[in-house]
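A.B. asks: I have a structure here, written as structure tokens, and I will follow up with some questions on it.
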Amino acid sequence: MPRAPRKLITEEELYDFALKALMRRAHSVFEMRRALERRADEKAIVQRVLGRLKEHQYLDDARYAMQFVRQHSENRRQGRHRIARELRARGVPDRHIEAALDEGLRDVDAAAQVRKRIERKLRSLRGPLDDRKLASLYGTLLRAGFDSDIIRRELRALTKREVAELPETEDIETTDEHR
């Protein structure tokens with residue numbers, strides 16, 4: 001059974017904890033607040049530490065969102081909807097998410113990313129590309145955050161046949177718009 005984190009009493013202890021956490025990886029303000037609140041009993045100390053971190057520019061949701069978009073689009077080759085969903089889960093405000101997505105994905109060709117993912121997946125598939133494998137590939141690309149129109153267009157070009165409306169296990173576009 002995991003034990004509760006050790007409570008930190010002073011502001012300096014909490015600030016040192018926050019700096020060590022930021023050395024490991026970047027955090028959104030929401031994530032850092034949650035981590036600090038688990039470690040401290042007093043909300044006033046948490047607020048002061050968050051203020052110091054923001055003042056020294058160690059915490060900045062706009063910069064965090066830009067770095068996150070860049071990393072997840074280039075390294076993980078994820079689409080706009082997946083990146084937005086993950087940033088929302090990390091507590092980043094929508095205004096920072098939209099600005100980061102617009103800036104970070106300006107030069108990214110989503111269709112090319114989809115083609116690369118399809119080609120990589122097809123190399124690992126065994127046997128002919130039947131409807132079941134096509135539906136699985138479609139779902140994988142949809143969960144990766146790409147627009148369903150782009151996915152269908154690229155699959156259609158690949159298979160040289162019409163890709164029907166495939167059943168979507170999770171309508172990411174609708175989910176992202178309603179948050």
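FYI, it's all coordinate maths here, none of it is from the lab. Keep in mind the model is a prediction, meaning the values are calculated, not measured. Positions of Cβ are backbone-derived with ideal geometry, glycine not excepted, and every protein chain shown enters the neighbour counts.
A.B. asks: Any chance you could give the angle, 0 to 90 degrees and rounded to 10, that helix 43-55 forms with the longest Cα principal axis of the chain?
C.D. replies: Value to nearest ten degrees: 70.
A.B. asks: Turning to a different aspect of this structure: Counting Lys and Arg as +1 and Asp and Glu as -1, what is the net charge of the other residues whose Cβ lies under 14 Å from the Cβ of K43? Walk me through the numbers on the way to the answer.
C.D. replies: Working: positive: K7, R33, R34, R38, R39, R48; negative: E11, E37, D41, E42.
Net local charge, K43 excluded: +2.
A.B. asks: Straight-line reach from K133: which lysines have Cα under 18 Å away, leaving out those fewer than 8 places along the same chain?
C.D. replies: Output for K133: K116, K121, K160.
A.B. asks: Mind checking the dipole of the chain: about its Cα centre, +1 per Lys or Arg Cβ, -1 per Asp or Glu Cβ, Debye to the nearest 20? Spell out each step's value before the answer.
C.D. replies: Details: 41 positive and 33 negative charges, 187 e Å.
The calculation lands at about 900 debye.
A.B. asks: Can you give me the orientation-averaged projected area of the convex hull built on the Cα atoms of segment 61-104, in nm²?
C.D. replies: Values: hull surface 9.7 nm².
Across all orientations, segment 61-104 yields a mean hull projection of 2.4 nm².
A.B. asks: I'd like the Karplus ³J(HN,Hα) series for segment 9-14: coefficients 6.51, -1.76, 1.60, θ = phi - 60°, whole numbers in Hz, and an x wherever there's a Gly or Pro.
C.D. replies: 9, 8, 5, 5, 4, 5
A.B. asks: If you don't mind, another one. From the phi of every residue in segment 103-110, what ³J(HN,Hα) in whole Hz does the Karplus formula 6.51 cos²θ - 1.76 cosθ + 1.60 yield, where θ is phi - 60° and glycine or proline is x?
C.D. replies: 6, x, 9, 4, 9, 8, 8, 4
A.B. asks: Something else now. Dividing the Cα radius of gyration by the Kirkwood radius, what Rg/Rh value follows for the chain? Intermediate results must be reported in sequence, preceding the final value.
C.D. replies: Values: Rg = 20.8 Å, Rh = 18.7 Å.
Using Cα coordinates only, the ratio equals 1.11.
A.B. asks: Explain nothing, just compute: Karplus ³J(HN,Hα) = 6.51 cos²θ - 1.76 cosθ + 1.60, θ = phi - 60°, for every residue of segment 88-95 in order, whole Hz, x for Gly and Pro.
C.D. replies: 3J(HN,Hα) across segment 88-95, in whole Hz: 5, 5, 8, x, 7, x, 4, 4.
A.B. asks: Once Rh is set to the Kirkwood radius over Cα pairs, what Stokes-Einstein translational diffusion coefficient, in µm²/s, holds for segment 11-55 at a temperature of 37 °C and a viscosity of 0.692 mPa s? Before the final figure, lay out the partial values.
C.D. replies: On the way: Rh = 10.2 Å.
Calculated translational D: 322 µm²/s.
A.B. asks: Measure nothing fancy, just the Cα-based angle from helix 131-143's long axis to the longest principal axis of the chain, in degrees from 0 to 90, nearest 10.
C.D. replies: Relative to the chain, helix 131-143 is tipped by roughly 30 degrees.
A.B. asks: How would S148, S124 line up from fewest to most surrounding beta-carbon atoms within 10 angstrom?
C.D. replies: Values: S148 17, S124 6.
By the 10 Å Cβ count, ascending, the order reads S124, S148.
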